[in-house]
1. Run residue A:718 past the list (1) crowded, with 16+ Cβ neighbours inside 10 Å; (2) under 30 Å from residue A:625 (Cβ atoms) and report the number of the one that doesn't hold.
2. Looking at A:728, A:708, which one is part of a loop (DSSP other than H, G, I, E, B) and surrounded by fewer than 18 Cβ atoms within 10 Å (Cβ to Cβ)?
3. With in contact with a helix residue (DSSP H, G or I) (Cβ under 8 Å, 6 or more places away or on another chain), farther than 21 Å from residue A:724 by Cα and in contact (Cβ under 8 Å) with a residue 60 or more places away in the chain as the only criterion, which of A:584, A:568 stands out?
4. Could you say which residue among B:143, B:102, B:95 is at pLDDT 95 or above and more than 8 Å from chain A (Cβ to nearest Cβ)?
5. Just one of (1) outside the structural domain of residue A:435 (by TED's automatic domain parsing); (2) buried (at least 23 other Cβ atoms within 10 Å of the Cβ) trips up residue A:318, so point out which.
6. Can you work out which of the residues in the range A:92-128 that are in a loop (DSSP other than H, G, I, E, B), in contact with a helix residue (DSSP H, G or I) (Cβ under 8 Å, 6 or more places away or on another chain) and under 15 Å from residue A:407 (Cβ atoms) is farthest from the other protein chains (Cβ to nearest Cβ)?
7. I'd like to check something: does the range B:153-161 contain any residue that is crowded, with 16+ Cβ neighbours inside 10 Å and not assigned by TED's automatic domain parsing to the domain that holds residue B:37?
8. Give the residues of the range B:57-74 that are in contact (Cβ under 8 Å) with a residue 40 or more places away in the chain, buried (at least 20 other Cβ atoms within 10 Å of the Cβ) and more than 9 Å from chain A (Cβ to nearest Cβ), sorted by residue number.
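The values are calculated or read from the model by the stated rules, or taken from the named source; none is laboratory data. Keep in mind the model is a prediction, meaning the values are calculated, not measured. Here Cβ is always computed from backbone atoms with ideal geometry, including for glycine, and neighbour counts include all displayed protein chains.
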């Protein structure tokens, strides 16, 4: 089940930050290396910084409530039923393309015992829904789904009690059938009849009368996604598709590089262009608003040509980035340790792994619409956290949060903190300059690519020892990484705010504490090692803009751990699957490993075929969410170094399954996306700036590189907590591919990406000879 | 004035001749299907048909396609009456965020219209210009293969029927 950390906006967390300025100065300066534990109150302060949290409850009793009922205990915050029996369910989570709209509808329908079509679901909207923080960290179903499950069960019970009173029968004589409450005597009431006089504005109870899983009719079935018919037929599915009356179109002009200052620009010439309404300039922030989108783009290009900038950026290069990271000031964090008795070590292995900066790379650049009308600002956004965004915008615009409403509307795929929030800030700043008119802003491809907060570059270093029987007796692990969470703690975290005449400063980076973790997510081995130390060198200074990307540090940590496990297995002359099971007592972990191995047809005695390899990997996401094991079979083409993935078999346990096809879709997608990260992707940059500005300078997987076959097998755990499926496959996929490439080429690749630029050509000759 | 023939209907539009077809479709004809992805012809999210061929509408000036038949995904079918290809995408639940999907369907439709007996390998090869970031490729391929099979079967049934 999920963990929940305090949100920066809660009173308790604010209290922790009262004495924070000194530490903040320390962090901004970033020039000292001080042990994390030496900071007074550091633990409490660190708890501010989680990307996954919903605000904590105000009362101790609410803290015992299931899921996010703990933060929003009122039943009518989640479910409302009107006199016409219309059922509306509210979630503070957003549809990011993962299918939660459908899944949450199933959950509510099951517990209310109605058809899914009878449920109207409202997603993240600061004006309507509970504040559930960010839609991130695979938390949606665990936190919001669990809240809806329990709220719906309690509302059903209250409806039955109300109906029992109206019909003068015991509740045991009543049941729900086809959306009506039916008595054994044949009489029935609609939900609208039953809800009359029933006050749902009451706190939920800790225990709910849940439907037994064996009786589920909707939950656990592959209900088709409610959003797909519109998406395959040109429906208005995205914020990009919204058209409001009188809507204007805007584009921002981004500086040529980080921190550049605008010296001058010929605004008047651009304002004379056809359709241009206004050039908006505030310090080094520059944008243009026009009647038509193409006019806005032409005007933006004209502004770009006339603007003169003073540049200051001096970035590391891909050749120097890892040395740069190793030399940056650190905050030392002990992510985990264990010390016990063990047999003497007979051999020790040591390896270092690296990951470059990765782009989220949504196919649709970020977009938002903002409308300042009568002193109230409404923002339609695909941001992951509408409530935190509202807080940031309130500070940016010097408005009261109550005067700003942020409404989530789906955008293109979201794989973490992309420029959605920045685009919302653009829209709000520009809308303020043209009050009364809705303003739509979409970023250009090169803006999305060069200005997004990337997934951080990382270094991991691992040293482990084996005893004479081939068991790991010691494991020493280190991580160097920037923050994986530069989300909207303040206005300064919004890119446009940093370029205003009165600029805002980003809140200093804070690590996400374990067990969720940030750069150290999944860094503690789940295996039964008698001794381990896991140290996270948290690097506050960020040479390149970074933030959360799907899985955070889990991608690199699982890639490292599960690659190194294979290296250890080889040193112990053991089969990789057997070697994992040898060190794993977790039953559910063993189950997914066994299922993946069986379905794949894993054969410890398989003959070695040069250029051809199989690889295996396993992880439990965050060591507390979904279990996933994966086997990959691939070929490395000697002449080109191309990798052809012939077969992938995954096995996943995400607790009680809400929608099996939805889980499969998430896991399949995660496998392919992770394969793309692992094999092909790296942000390009030089001293002058980011040089990945399109899909040719940031190549991702294309159809010729897609696996021939991917099969995902599910283990259902009826009645068990929802564990979330969105990120479970990112890390294991990378390691399984690495292990298969090692098997195919005889060489271990520890630096990502593995197949970019045909680099595996250098290995394939060895495989032929060896 | 620029005259565009879209999904069988002529539209006279007072737009800048340099305007890419994408913006004419989206902002002047209120069609959502074609998406802005890159503006460079690198991702295929904006794919529509001109003269039966798939084109990147983001790099095709509206003035260059005057008088030519333009087809968008809105011309294929509706949620209630989807085309075979749209139907197959629903059957396979072949979308996550779905932003690339209209372009995928239009690209695949062009192949279906011209080479309906294409193999899975040929389908994959033909889809090379189109990007998906969610990793929905397996389902996209599955849906297209199903639609090709359904159309081929329809063709066989029709042929068989004609002989009967």
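1. (1)
2. On the way: A:728 fails: surrounded by fewer than 18 Cβ atoms within 10 Å (Cβ to Cβ).
Within the list A:728, A:708, the selection yields A:708.
3. Details: A:584 fails: in contact (Cβ under 8 Å) with a residue 60 or more places away in the chain.
Answer to the selection: A:568.
4. Details: B:102 fails: more than 8 Å from chain A (Cβ to nearest Cβ); B:95 fails: more than 8 Å from chain A (Cβ to nearest Cβ).
Answer to the selection: B:143.
5. With respect to (1) outside the structural domain of residue A:435 (by TED's automatic domain parsing); (2) buried (at least 23 other Cβ atoms within 10 Å of the Cβ), residue A:318 is out only on (2).
6. A:126
7. Our first condition is that a residue be crowded, with 16+ Cβ neighbours inside 10 Å; within the range B:153-161, this holds for none.
Within the range B:153-161, none of the residues are crowded, with 16+ Cβ neighbours inside 10 Å and not assigned by TED's automatic domain parsing to the domain that holds residue B:37.
8. The answer is B:62, B:65, B:70, B:71.
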